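Asks: Have a look at the structure that comes next, please.
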Amino acid sequence: MNAELPPVIAIDGPSGSGKGTVASRAAQALGWNLLDSGALYRILAHVAQQAGVSADEPARLEELARGLRVAFMRTPTGAEQILLDDRDVTAVVRSEQSGKRASELAVIPQVRQGLVGVQRGFRRAPGLVADGRDMGTVIFSDAGLKIFLTASVEERAQRRYKQLKQKGLNATLPTLFSDLIARDERDRNRSVSPLKPAPDAVVLDTTGMPVEAVVDQVLDRARRRYGEAAAGRRQGG
Ligand code: C5P
């Protein structure tokens, strides 16, 4: 780890592995910053669509990617909020549609390149919890703690289904299941930054595990690795 840079916990894994929830809760408990890198790909998909830029215009996509001004916030009631240029884009970002488009853009090297600096910009004191597909392998390859979460595809589809239903969004289990498999395929097999655990990542299979137990494991490891810096806010506030 580079001693001059704030500490990073990199949490990677496939869709529905729980990494978003785990990262968000861990960041809150530690009082560290949060980077939901998937949201950046989703926002880029949205911005590109609005600007009429298609997947076969990599240079324009890269420019759009470099210009993204995104912040991850919490409302006073504790709900997650994603701001793009101070505009609330949480609902747009969370739709299955933007997830699908995001994974189509994510195979384009210029898109990934354009987002490197944006992502590294989130590394600020006292620390960062970053979740995605290549946090531990590429973006924060010097992270002091790397976690790779997995779960069976059935369980991941179920989790996704529950999440979307809770948000009042439309979804059917068979469609989610086949979309998940397609997205996994694309993420694992792309030539740039494919989804895989870093050699020094701790791999946790979360099938059948309640999310609280996963968060506790991550926090335990964070405290062992980072000591005082990860003492955090014990109340989770
Ligand atoms: O994690 P989430 O489902 O929000 O990510 C949406 C898509 O963005 C993923 O399917 C993946 O293709 C892409 N992505 C990526 N690298 C990341 C984060 C997300 O390629 N670090």
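The values are calculated or read from the model by the stated rules, or taken from the named source; none is laboratory data. As the structure is a computational prediction, the values presented were derived from the model and not from experiment. For neighbour counting, all protein chains shown are included, and Cβ atoms are generated from backbone atoms with ideal geometry for every residue, glycine included. For the accessible areas, the whole protein counts, side chains as well, though only heavy atoms, and no ligand, DNA or RNA atoms are used. Shrake-Rupley method; radii C 1.70, N 1.55, O 1.52, S 1.80 Å.
Asks: Out of (1) open to solvent by 20 Å² or more (accessible area, probe 1.4 Å); (2) touching an Asp or Glu at 6+ places or on another chain (Cβ under 9 Å), what's the single condition that is false for Lys162?
Replies: For Lys162, the failing item is (2).
Asks: So Glu96 fits all but one of (1) over 28 Å from Ser178 (Cα atoms); (2) touching a residue at least 24 places away in the same chain (Cβ under 8 Å); what number is the exception?
Replies: (1)
Asks: Could you tell me which numbered condition Lys167 fails, if it satisfies all but one of (1) open to solvent by less than 70 Å² (accessible area, probe 1.4 Å); (2) in contact (Cβ under 8 Å) with a residue 60 or more places away in the chain; (3) over 18 Å from the mean Cα position of the chain (by Cα)?
Replies: It fails just one condition, (1).
Asks: With the structure loaded, tell me whether Arg60 is closer than 21 Å to Ser141 by Cβ, assigned to a helix (DSSP H, G or I) and among the basic types (Lys, Arg) or whether it fails that test.
Replies: Details: closer than 21 Å to Ser141 by Cβ: no; assigned to a helix (DSSP H, G or I): yes; among the basic types (Lys, Arg): yes.
Answer is no for this residue.
Asks: Could you look through the range 43-53, keep only residues that are open to solvent by 20 Å² or more (accessible area, probe 1.4 Å) and in contact with a Lys or Arg (Cβ under 9 Å, 6 or more places away or on another chain), and pick out the one that is nearest to Val70 (Cα to Cα)? Show your work before the answer.
Replies: Taking the range 43-53 first, the residues open to solvent by 20 Å² or more (accessible area, probe 1.4 Å) are 46-47, 49-52.
Adding the requirement that they be in contact with a Lys or Arg (Cβ under 9 Å, 6 or more places away or on another chain) leaves 46, 49, 51.
Details: His46: 13, Gln49: 17, Ala51: 17 Å.
Once the filter is applied, the top-ranked residue is His46.
Asks: Please go through the range 191-229 and give me each residue that is at pLDDT below 95, outside any loop (DSSP other than H, G, I, E, B), surrounded by 18 or more Cβ atoms within 10 Å (Cβ to Cβ) and under 20 Å from the mean Cα position of the chain (by Cα), ordered by number.
Replies: none
Asks: Got at least one residue in the range 24-41 being over 25 Å from Gly127 (Cβ atoms) and out of contact with any Cys (no Cβ under 7 Å at 6 or more places or on another chain)? Talk me through it step by step, then tell me what you get.
Replies: If we filter the range 24-41 for residues that are over 25 Å from Gly127 (Cβ atoms), which is where we start, we get none.
The answer is no; no qualifying residue exists.
Asks: Which of (1) modelled with pLDDT of 95 or more; (2) under 20 Å from Ser15 (Cα atoms) is the odd one out, the single condition Arg94 does not satisfy?
Replies: It is condition (1) that Arg94 fails.
Asks: Further, regarding this structure: Which residue pairs have Cβ atoms under 8 Å apart, sit 6 or more places apart or on different chains, and have a first residue in the range 171-184 that is assigned to a helix (DSSP H, G or I) and a second that is of a type in the set (Lys, Arg)?
Replies: Leu176/Arg160; Asp179/Lys100; Leu180/Arg156; Leu180/Arg160; Arg183/Lys100
Asks: So, one more: Provide a single number: the residues in the range 174-190 that are within 15 Å of Ser95 (Cα to Cα) and either surrounded by fewer than 17 Cβ atoms within 10 Å (Cβ to Cβ) or aliphatic (A, V, I, L, M) (or both). Walk me through it before giving the result.
Replies: Filtering the range 174-190 for residues within 15 Å of Ser95 (Cα to Cα) gives 175-176, 179-180, 183.
Narrowing the set further to residues that are either surrounded by fewer than 17 Cβ atoms within 10 Å (Cβ to Cβ) or aliphatic (A, V, I, L, M) (or both) leaves 175-176, 180.
Number satisfying all stated conditions: 3.
Asks: Please go through the range 24-41 and pick out each residue that is more than 10 Å from the ligand (Cβ to nearest atom) and within 17 Å of Gln119 (Cα to Cα). I'd like the intermediate steps shown before the answer.
Replies: Initial filter on the range 24-41 (more than 10 Å from the ligand (Cβ to nearest atom)): 24-34.
Selection gives Ser24, Ala27, Trp32, Asn33, Leu34.
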